[in-house]
Amino acid sequence: MKIVIPDDYQDMVHKLSAFSLISHHDVVRYREPTHGLDALVARLADADVVVAIRERVAFSRALLERLPKLKLIALVGRSSHVLDLAAATELGIPVSTGVSNSPVAPAELTLALIVASRRNVALEAERMKHGDWPCTLSYRLRGSTLGIFGLGAIGALVAEGGKGLGMKVLAFGRKSSLEKAAAAGYEVAKDKAELFERSDVLSLSVRLRPETRGIVGPEDLARMKPTALLVNVARAELMAPGALLDALKKGRPGYAAVDVYEQEPIINGEHPLLTMPNVLCTPHLGWAEWDNFELYFRECFEQIVKLEKGEPLRLGNPGVRPRSPINTYSSP
């Protein structure tokens, strides 16, 4: 089979031990991203299987209609909000999914960004490389208020880390988040407004769904302190378009640490947040560590092995009628 991986930005998929599961096939990897429908079609037209790494490529109906040879889209991860699942189903393209959702790596990065931003670590390290000596004052974490918007698996780990640093945890979210916060002994904000007003550091840990898209708007950010830090390691689409940039220019919040962007990847430093000294930006590192990749890619490649053997697949679109007959079952 011809397997195409169109978005191996780190140029490392072939270094994973899990790669041995598919290495006997004709595997084509691309590191550099491409834009435009025609360019994507040129890369993917001959593929029997496309390995889709999270949301790095948008699989639109227009793209899928031009991939007649495609037998399987193998997702790295459990879902993708930039893949038109309905179109794939109508076109007879099975979409296999993973099952794991490890919160550890994104929670660790969130805590790292909090410490690095509040203590000016990245700023001063870069200045020292250029011959400068420290010239800023930073903010102590102990005793400050860590706001958690969405106390799910990731948010719960961030809250534990913040508590370990001596921060006071203030949580808000859906009913399940409020119940979990109360059980853990954290303070619960009475509403979203209080969360944004009181937080010295605010971490967005909400899962992106249709109802949470744009859940943070200009009015929310305007409530934040001019000394506060907003951290987003979740999804850029949780925020109204342009809201964070405008809010930072107005001084509320005063700081941001961001790992996710509406259009990725960011090439040649072309993003307005990168020009702001009060913003710490990282290139979607939340899930990018070896253990995570081994876990997610192994689950993905195991589905390709099952396709090869004619065994049942774990599909995100179990109702699909495949172009090439295969056995299917839906994930529990």
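The values are calculated or read from the model by the stated rules, or taken from the named source; none is laboratory data. This is a predicted model, so every value here is computed, not measured. When we count neighbours, we look across all protein chains shown, and the Cβ atoms used for this are built from the backbone with ideal geometry, even at glycine.
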Looking only at region 160-180, count how many residues are touching a strand residue (DSSP E or B) at 6+ places or on another chain (Cβ under 7 Å) and farther than 25 Å from GLU219 by Cα. 3
Residue list for region 181-214, filter: among the hydrophobic types (A, V, I, L, M, F, W, C) and free of Cβ contacts under 8 Å to residues at least 24 places away in the same chain: ALA182, ALA183, VAL188
Among helices (runs of 4 or more DSSP H) entirely within region 204-319, at least 1 residues that are of a type in the set (Ser, Thr, Tyr) and in contact with a strand residue (DSSP E or B) (Cβ under 8 Å, 6 or more places away or on another chain) occur in 290-309
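To keep it simple, each residue is scored yes or no on (1) modelled with pLDDT under 95; (2) farther than 24 Å from ARG207 by Cβ; (3) touching a Leu at 6+ places or on another chain (Cβ under 8 Å); (4) exposed (fewer than 15 other Cβ atoms within 10 Å of the Cβ).
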{"site": "PRO253", "(1), (2), (3), (4)": "no, no, yes, no"}
{"site": "PRO265", "(1), (2), (3), (4)": "yes, no, no, yes"}
{"site": "ASN268", "(1), (2), (3), (4)": "yes, yes, no, yes"}
{"site": "ALA288", "(1), (2), (3), (4)": "yes, no, no, no"}
{"site": "GLU294", "(1), (2), (3), (4)": "no, no, yes, yes"}
Sole residue being farther than 24 Å from ALA52 by Cβ and surrounded by fewer than 17 Cβ atoms within 10 Å (Cβ to Cβ), chosen from LEU274, LEU221, LEU230: LEU274
Scan region 217-248 residue by residue and report those that are in contact (Cβ under 8 Å) with a residue 40 or more places away in the chain and in contact with a helix residue (DSSP H, G or I) (Cβ under 6 Å, 6 or more places away or on another chain). LEU229, VAL231, VAL233
Answer yes or no as to whether GLY36 is on the phi > 0 side of the Ramachandran plot and touching a residue at least 12 places away in the same chain (Cβ under 8 Å). no
Going through region 89-102 in order, the residues found to be over 17 Å from ILE304 (Cα atoms) and modelled with pLDDT of 95 or more are THR89, GLU90, LEU91
Which one is farthest from ILE93 (Cα to Cα) among residues in region 17-47 that are of a type in the set (Gly, Ala, Ser), exposed (fewer than 14 other Cβ atoms within 10 Å of the Cβ) and over 25 Å from the mean Cα position of the chain (by Cα)? SER20
Would a scan of region 58-79 turn up a residue that is basic (Lys, Arg), over 20 Å from ALA236 (Cα atoms), in the same structural domain as GLY319 (by TED's automatic domain parsing) and free of Cβ contacts under 8 Å to residues at least 24 places away in the same chain? no
